[in-house]
Structure formats: C-alpha cells, structure tokens
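Below: the structure, in structure tokens.
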Amino acid sequence: MDALSARINSLPVSATLAMAAKARELKNEGIDVIGLSLGEPDFNTPEFIKDAAIQAVNDNYNSYSPVDGYVELKQAICTKFKRDNGIEYGLDQIVVSTGAKQSIANVCMVLLDPGDEVLLPAPYWVSYSAIATLAEATSTIIPSSIDTDFKITPEQLEAAISHKTKLIMFNSPNNPSGIIYTEAEYRALGKVLEKYPDIYILSDEIYEHINYGTKHFSIAAIPELYDRTITVNGVAKAFAMTGWRIGYIGAPAWIAKACNKMQGQITSGANCIAQRATITALEAPVSKIQYMIDEFQIRRELIIKLLSGIPGIRLNQPAGAFYVFPDVSHYFGKTLRGKTIKDASDFALYLLEEAHVATVTGDAFGNGDCIRISYAASQDNIKEAIGRIAKALA
Ligand code: GLU
C-alpha cells in the first residue's frame, strides 16, 4: 500500500516466522508438513511455573506492573546474573520486556542514530539487522563459514570497525549455528573492543542453558567491558515459555533508564502474570529444567547422525541451542526433479515443496551457503523429516 510508511515498506518480513506461517498454511490445506523452521521447544512449560502463574491470577495480579518489571522479578534477575554469570547488577540496571526481542529493540532504539553502524558477526539471528534498520542504522556483516566453525576472529573484528560503529551484537550460544564462544575467544575479541571505547556490546544469551558441555561465558564479566555491555536473556527457550513473552536486560543504569522510558511509551511493561511466573522460573535451580536440555542433546546426536548420511551436506557440531546449520552449497546449480537450485532459498523451498519439511534459508542469517534446521521437535518427527529430505535429494 502506498500509504504505508517507508519504515515498514523497507522492513523485511521475519524469515523464521514467515516460514512457520507457510508451514501452518500448508498443514491447514491438509498437507503433512513437518515444521523444523521455528526455534520453539516442543515441551510444555514446567508445572511448577504454571502453578506460579495460576497463583498470580488468584492473587489478583491484574494491574499494571512497574514499567521496567516487578521489583521481586528484578531482584530474581540480579540473583540469576550473579549465580550463573558472575555479573553484579543493581535493580536500576534491569529492565523486563515483552520477550528478549523487545529487549533488543529497546537497546537499538535508545542507542542508535541514523547513520550509525551495527556490527553483526555472521551468522546472526534474523531480526538483528531488521531491528537495526528500524532504528535507522546500517548493518555491517562480519562473515564466517563452516570452515571456521562459524566464528569470527579478532582480526576480522578489528577490520570491520569504522568511526561510525556504535554497537556489536553477539549471540552465544548462537542461533542459527549452535556455536559457543569460549571465555578465551571472547577475551580475545574483547581485547579489540577495549581499544574502541565508543562501541557498545549487546550480548544475547537467550540460549545460555541449552548448552551441551561448553562453559558459558558472559562478555559483561570482562571488567573493562562491563560499563558498555548490555546482557540480554529471557525465559522462552530454557523454560519452554516462548509464548509468555518475557525477556530482560542487565545494562549500565543510564541505558536501562532509557529502555524503561522507551517501553513506557510503547507497552507500559510486560504481562504481569508472566512476570510473576518468571520469578519462580528464575529462582529454581537449573537442574529442574535439565530433562529438556538432555532431550535436546539426544536429538542433536540423532539429527547429526541422520544428516551426515546425506551426500553433499556439510555439518559443524553445534555446542548449544537447538539448530543445525548445514552448508548445502554443493547443491547450488543442480537440477532436482526439474527444479533448479540456485541458492539456499531455492533449497529450502525445494525441501518444503518436495519433502514437505519446513526449514529456513541461511540468507536470513547472513550466510547464503546454509539452511537452518531446528531440532526442537520430537525424535519421530526428526527421523521422518530427515528421511524425507534424504529421499528428495537422492
Ligand atoms: N527465535 C526463534 C527463531 O529464531 C523464534 C522465532 C523468532 O522470533 O524469530 O526461530
């Protein structure tokens, strides 16, 4: 529509959500589509968290909460940051938002001006570049490939920095590649960033607990970077609470204050029942959700084994999150069942049409050689889906 703003017209559709919607559409038409496009645990929210929500309803938590979140929740977040990440935050450094996505959007809106540059180590999560665009900033992608285990080097980081660079967005464990930056790797990248005091660091740690053995490290734990790092987290992935929409940041107080002001004009704060339930989730020991992590790990082994049997698919070993990000460039230029595969988008479309398996093109994550497959699905669905993919590619 001509009447729509340039802002919305220039905004790309979220590729993850678009693929999920397409799969849903085909399912409604009676086609047996297996959806491996969305990063969403297929578990129910644990009973002890649901009970806390029910209790909150019965306790009449129905009024607006403080815009930046209930004090008890912010306290639980401070305790979590100290317990899991070794980072000290005060209450004035915490803002609770409607999902980690809004936390990221708040940070971009309050830090970025038109013309500022945001560095995105690739592969990066789909919405980072779109949110930067909304804030009228430009994105500079730092490429990686399966040959470097999808990690960037300090040299690459330094080469990508310009006088316009204002923000860098890290995501570890990474969506879509599953890689985890180790403490040593983050310290090496941090050494570069120490030289550029005007660059802010957003560290998206939403997959922190979906980790198969690499020690999680928060970049804000580096004292030299603490004052300009925003740590983003939430309960969606680890606690199977995607629809509850609770994310949060720990940040320098002046950034937290600005985010509070921003969401005060946009949402008035996150849902009050979900906030109360999140207090219970964060206060629980991680051992209470270990059964989900264990199951994701079994699925990881399963999907790697099955995909490794398909010629032309190259895989890394994801250390966390619940995605594989295979390099499928071997198929580019080939014609399968009369369809020419030019790129990763064609490949993902081919899998949807011929195998009825929904995945997401790697282009959306800044890597056009790969596709993303979520294994937050049952073992039966994974077996069936990869079986169908193997057949469609044979
Ligand atoms: N973060 C998930 C994903 O990457 C959920 C969908 C979204 O918000 O983009 O699939």
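Among the residues that make up the range 33-44, is at least one of them at pLDDT 95 or above, farther than 30 Å from residue 354 by Cβ and more than 16 Å from the ligand (Cβ to nearest atom)? Within the range 33-44 (the criterion being at pLDDT 95 or above, farther than 30 Å from residue 354 by Cβ and more than 16 Å from the ligand (Cβ to nearest atom)), the answer is yes, since at least one residue qualifies. When 287, 345 are checked against the criterion of being out of contact with any strand residue (DSSP E or B) (no Cβ under 9 Å at 6 or more places or on another chain), open to solvent by 40 Å² or more (accessible area, probe 1.4 Å) and more than 16 Å from the ligand (Cβ to nearest atom), 287 stands alone in meeting it.
Name the single residue that is nearest to the ligand (Cβ to nearest atom) among those in the range 123-158 being free of Cβ contacts under 8 Å to residues at least 60 places away in the same chain, at negative phi and part of a loop (DSSP other than H, G, I, E, B). Selected residue: 135. Would you confirm whether or not the range 66-73 contains a residue that is in contact with a helix residue (DSSP H, G or I) (Cβ under 6 Å, 6 or more places away or on another chain), of a type in the set (Asp, Glu), surrounded by 17 or more Cβ atoms within 10 Å (Cβ to Cβ) and at pLDDT below 95? Among the residues of the range 66-73, not one is in contact with a helix residue (DSSP H, G or I) (Cβ under 6 Å, 6 or more places away or on another chain), of a type in the set (Asp, Glu), surrounded by 17 or more Cβ atoms within 10 Å (Cβ to Cβ) and at pLDDT below 95, which makes the answer no. With the condition kept exactly as written, say whether any residue in the range 331-338 is within 15 Å of residue 150 (Cβ to Cβ) and either open to solvent by 60 Å² or more (accessible area, probe 1.4 Å) or polar (S, T, N, Q) (or both). No: zero hits.
Does the range 364-377 contain any residue that is more than 16 Å from the ligand (Cβ to nearest atom) and touching a Gly at 6+ places or on another chain (Cβ under 9 Å)? Taking every residue of the range 364-377 in turn, at least one turns out to be more than 16 Å from the ligand (Cβ to nearest atom) and touching a Gly at 6+ places or on another chain (Cβ under 9 Å). Residues that are within 16 Å of the ligand (Cβ to nearest atom) and out of contact with any strand residue (DSSP E or B) (no Cβ under 7 Å at 6 or more places or on another chain) within the range 102-122 comprise 105, 108, listed in sequence order.
Out of curiosity, is residue 237 surrounded by fewer than 23 Cβ atoms within 10 Å (Cβ to Cβ), farther than 24 Å from residue 58 by Cβ and of a type in the set (Lys, Arg)? The answer is no for residue 237. Looking only at the range 23-50, residues that are open to solvent by less than 90 Å² (accessible area, probe 1.4 Å), charged (D, E, K, R) and over 14 Å from residue 236 (Cβ atoms) come to 1 in all.
The values are calculated or read from the model by the stated rules, or taken from the named source; none is laboratory data. These figures come from a predicted structure and were not determined experimentally. Heads up, the Cβs are rebuilt from the backbone with ideal geometry, glycines too, and the neighbour counts pull from every protein chain shown. The protein model used for the area step is the full one, side chains on, heavy atoms only, and it has no ligands, DNA or RNA in it. Shrake-Rupley method; radii C 1.70, N 1.55, O 1.52, S 1.80 Å.
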